[in-house]
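Visitor: Here you go, one structure.
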Amino acid sequence: MNNHRPALLAGILILSSASASRAADFPQNSPDEQTLSELPTTNWLTNGGDLFNRNFSALTEINTGNVDQLAPVWRTHLQESGVGAKYSGEAQPIVHDGVMYIITGADDAFALDIETGEILWRYSADLTSEISTICCGWTSRGVGFGEDKIFVGRLDGVLTALNKNSGEEVWSVQAEAWEEGYTITSAPLYFQGMVITGFAGAEYAARGRVRAYDADDGSLLWTFYTVPGPGEFGHDTWPADNDAWRTGGGTVWHTPAVDSELGMVYFSTGNPGPDYNGSVRAGDNLFTVSIVALDVYTGEYRWHFQEVHHDIWDYDAPNPVVLFDLDYDGVPRKGLAQAGKTGFLYILDRTNGEPLVGIEERPVPQEPRQATAATQPYPLGDPFVSQTLDVAPEGYQLINNGDGFTPFWEEPVLLRRGDANWPPSTVDPEKGVMYICAGERQAAYSVRAVEQVEPGTPYSGGSMRFAPIPTTGIVSAMDLRTNRRLWSQRWGSRCYSGLVATAGDLLFAGRNDGRLTALDARDGTKLWEFMTDAGVNAPATVFEHNGKQHVAVYSAGNRLARSDRGDSVWLFALPDG
């Protein structure tokens, strides 16, 4: 946790004033910050729907009373891009002025006509098959949009801007080298003339970073390292007798959120490296497995909250942070929530990183050889998944009830893994409810000897072997004022698509078997489903075109979900009349 808050609070007031001055110096480009901060209606301009990452539509034409009539308008095949076994289709479509923009797991981008589904243009990334530093399948989670450009982050570490009308390249920069472990899997974020992106790569001895580039020409504006170097705040949470910080992980899997009024950008980070062996990196290992806030105009550190100290369980925080505004005890507060791989929901005041709902530091079991942290943060309220095991599967013994913070060494230890991965959550800003797409499974952990490696080299320090029992899915509705679970459902397979909610009391969720489903957001009841031609492992997009509400989704399958592959974009609407 952040142990320097008294000094930081005073600094925040000063920096907020400075940020307001810097914001005035930035030109108001299209789309402007007000448009990007509003709930989407006719367009869907960012990954997550708005700068708050709420994945929520204010539209009500499609609702619980008529969603059973929802029907396909068209389906478009993306010319067999990204259909091989190594690819995953995880991208949320962007919609602007009657055109949809989508990217495949091969980093090929397409523009589609909303009226007909016709492909208007294709950008082919032509990635080399030599890329060897991709963790979990070749994928992209979307594109960015701004200033008449489409921004593409690629698996070879290239960041590219395309002309939105033609798909022709406007500029391209080698943001990082894939040979050193860096790939871009998240959708870049456009804000105030900047393109902001994180980099994946913790499994390959990368040092995490977030960077902002000039949207006009791709020049670098600022860099924030999620693992601080010598002389930087937080460097003392890494060992002084080695260079573990150089390969310390803390990479960023998702699109950040922005509060334009506060002038802050927010994201959460991945695990430290090596994953499962903490013996070579004694200390809390900031800013890994943390929520981090920066000055959006300069990249300067503002505050952080660490969800897991000295992580040895791969409890990284890939689920996108979500911003919201709610009253707590009658007082308006600016909130932030992040659903962790711990199975806990972390609810903070986004002005300073303090918990809005209590979080306690509690003692946890120790393993000196792992240099384990003495305590871990436990949010008060309910977890969104189970926290312990009741019965061990055949061939395994149960230790400490399988609690998630149980340490391990050479002998495998079975632990519960109920978590929210990259598939985004959604927040209903009026009800103050967050809906989380997660999974539950069991895994046995153990370590092996590890030596310092060069960036770009596999760097795990141990293993996580899943138990031979089915992985199930969990969808939970959480009250953001109390952190209490309002309802939850268990699915037969992992929830691996993300969720989008609407003011029509609907939740749209994809399924691994190829279905797109609509649930009643009030209790999780399934109201509608449609079988597509491949696994639906991407969040839907909801928008209005020519006065009519539509739902779009990418149906392409997923390597980790073991779902059927495809190359389709589907558009749905209610029948006319």
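Bear in mind these aren't lab numbers, they're just calculated from the coordinates by the rules spelled out. Every value quoted in this text rests on a predicted model; they were computed, and no experiment measured them. Methodologically, a virtual Cβ is constructed for each residue, glycine included, from the backbone with ideal geometry; neighbour enumeration extends over all protein chains shown.
Visitor: Extent of segment 235-356 along each principal axis, from alpha carbon coordinates, in Å, largest to smallest?
Guide: Each principal axis gives a Cα extent; for segment 235-356 these are 48, 33, 23 Å.
Visitor: At a 10 angstrom cut-off on C-beta neighbours, averaged per residue, how do the peptides 566-575, 231-240 rank from highest to lowest? List each step's numbers first, then the result.
Guide: Details: 566-575: 20.7, 231-240: 15.6.
Descending mean neighbour count gives 566-575, 231-240.
Visitor: What share of the DSSP beta bridges in the chain is antiparallel, in percent to the nearest 5?
Guide: On the way: 132 of 136 bridges.
Antiparallel: roughly 95 percent of the beta bridges in the chain.
Visitor: May I ask for the distance between the Cα centers of segment 383-431 and segment 228-280, given as a whole number of Å?
Guide: 23
Visitor: Would you please classify the overall shape of segment 484-577 from the alpha carbon gyration tensor, given that a ≥ b ≥ c denote the square roots of the eigenvalues, rounded means a/c under 1.5, and beyond that prolate means a/b larger than b/c while oblate covers the rest?
Guide: Oblate, because a/c is 1.5 or more while a/b does not exceed b/c.
Visitor: If you don't mind, there's one more thing I want to ask. Quick check: residue separation of Thr298 and Asp214 times 0.36 nm, minus the Cα distance between them. What number comes out in nm? Provide the component values of the computation, followed by the final result.
Guide: Values: separation 84, 0.36 × 84 = 30.24 nm, distance 1.23 nm.
In short, 29.0 nm is gained.
Visitor: With θ set to phi - 60° and the Karplus curve 6.51 cos²θ - 1.76 cosθ + 1.60, what are the ³J(HN,Hα) couplings of segment 522-538 in order, to the nearest whole Hz, using x for Gly and Pro?
Guide: Going residue by residue, I get 7, 8, x, 4, 6, 10, 7, 8, 9, 8, 8, 9, 7, x, 9, 10, 9 Hz, with x marking Gly and Pro.
Visitor: If you don't mind, another one. Taking 8 Å as the Cα distance limit and 6 or more residues as the minimum spacing, I'd like the relative contact order of segment 415-559 as a percentage. Present the calculation step by step, with values, prior to reporting the outcome.
Guide: Working: 345 pairs, mean separation 26.1, N = 145.
Rounded, it is 18 percent for segment 415-559.
Visitor: Identify the residues of segment 482-515 with backbone N under 13 Å of a label point that sits 7 angstrom from the Cα of Arg75 along the Cα-to-Cβ direction, or state none.
Guide: Correct set: 514-515.
Visitor: Please list the non-local residues whose amide H lies under 5 Å from the amide H of Glu367, H modeled 1.01 Å from N, same-chain partners needing a gap of 5 or more.
Guide: It is Thr372, by chain and number.
Visitor: A follow-up question, please. For a test of the definition: using alpha carbon positions, the gyration tensor, and the 1.5 limit on a/c, classify segment 224-264 as rounded, prolate or oblate.
Guide: Oblate.
Visitor: Which length gain, in nm to one decimal place, applies between Glu38 and Asp97 when the Cα-Cα distance is subtracted from 0.36 nm times their residue separation? Before the final figure, lay out the partial values.
Guide: Details: separation 59, 0.36 × 59 = 21.24 nm, distance 1.64 nm.
So the chain would gain 19.6 nm between Glu38 and Asp97.
Visitor: Here is a follow-up. Please report, to one decimal in angstroms, the Kirkwood hydrodynamic radius of segment 421-577 built from all distinct Cα-Cα pairs.
Guide: Values: mean 1/r = 0.0574 Å⁻¹.
Result for segment 421-577 stands at 17.4 Å.
Visitor: So how far, in whole Å, is the C-alpha centre of segment 488-537 from the one of segment 37-66?
Guide: 16
Visitor: Here's something else I'd like to know. Using a cut-off of 13 Å between beta-carbons, work out the net charge of the residues near Arg75 (Lys and Arg +1, Asp and Glu -1, Arg75 not included). Spell out each step's value before the answer.
Guide: On the way: positive: none; negative: Glu118, Asp533, Asp567.
In short, -3.
Visitor: Name the long-range amide H neighbours of Trp528: under 5 Å, sequence gap of 5 or more, or other chain; modelled H, no Pro or chain starts.
Guide: Amide H neighbours of Trp528, under 5 Å, 5+ apart: Ala518.
Visitor: As an exercise, use a Förster radius of 41 Å and the Cβ-Cβ distance of Asn165 and Asp325 to find the FRET efficiency, rounded to the nearest 0.05. Present the calculation step by step, with values, prior to reporting the outcome.
Guide: Working: r = 36 Å, r/R0 = 0.88.
About 0.70, to the nearest 0.05.
Visitor: So for the pair Glu394, Thr525, with labels modelled 7 Å out along Cα→Cβ, what separation do we get in nm?
Guide: Between Glu394 and Thr525, the simple spin-label model gives 4.1 nm.
Visitor: Defining a contact as two alpha carbons under 8 Å apart and six or more residues distant in sequence, what relative contact order in percent does the chain show?
Guide: Values: 1747 pairs, mean separation 87.8, N = 577.
Here the relative contact order equals 15 percent.
Visitor: Determine, from the Cβ-Cβ distance of Asp403 and Asn546 and an R0 of 56 Å, the FRET efficiency 1/(1 + (r/R0)^6), rounded to the nearest 0.05.
Guide: On the way: r = 54 Å, r/R0 = 0.96.
After rounding to 0.05, the efficiency reads 0.55.
Visitor: Among 281-289, 345-353, 173-181, how do they line up from the highest to the lowest mean number of other beta-carbon atoms within 10 Å?
Guide: Working: 281-289: 26.0, 345-353: 22.8, 173-181: 19.7.
Per-residue mean Cβ counts within 10 Å order the peptides as 281-289, 345-353, 173-181.
Visitor: Between rounded, prolate and oblate, where does segment 5-573 land on the alpha carbon gyration tensor, with a ≥ b ≥ c its root eigenvalues, rounded for a/c under 1.5, else prolate if a/b exceeds b/c? Intermediate values should be presented prior to the final figure.
Guide: Working: a/c = 1.34, a/b = 1.21, b/c = 1.10.
Rounded, since a/c falls under 1.5.
Visitor: What are the ³J(HN,Hα) couplings of segment 212-224, residue after residue, when phi is run through the Karplus curve with 6.51, -1.76, 1.60 and θ = phi - 60°? Round to Hz, x for glycine and proline.
Guide: 10, 10, 6, 5, 7, 9, x, 5, 6, 9, 7, 9, 10
Visitor: Quick one: net charge of Gly157's neighbours, Cβ under 10 Å, K/R +1, D/E -1?
Guide: On the way: positive: Arg154; negative: Asp156, Glu176, Glu179, Glu180.
Within the 10 Å Cβ shell, the charges total -3.
Visitor: Contact order normalised by length for segment 118-165, with contacts defined as Cα pairs under 8 Å and 6 or more residues apart; what percent is it?
Guide: Details: 41 pairs, mean separation 12.9, N = 48.
Answer for segment 118-165 is 27 percent.
Visitor: How would you rank Glu118, Glu38, going from fewest to most other Cβ atoms within 10 Å of each one's own Cβ?
Guide: Working: Glu118 11, Glu38 15.
Lowest to highest Cβ neighbour count: Glu118, Glu38.
Visitor: Short version: ³J(HN,Hα) in whole Hz for each residue of segment 302-312, in order, from phi by Karplus 6.51 cos²θ - 1.76 cosθ + 1.60 (θ = phi - 60°), x for Gly and Pro, what are they?
Guide: With coefficients 6.51, -1.76 and 1.60, one gets 10, 6, 8, 9, 8, 7, 9, 7, 6, 5, 10 Hz.
Visitor: So between Thr128 and Lys86, what do we pick up on full extension, going 0.36 nm a residue minus the alpha carbon distance?
Guide: Values: separation 42, 0.36 × 42 = 15.12 nm, distance 1.35 nm.
Taking Thr128 through Lys86 to full extension adds about 13.8 nm, to one decimal.
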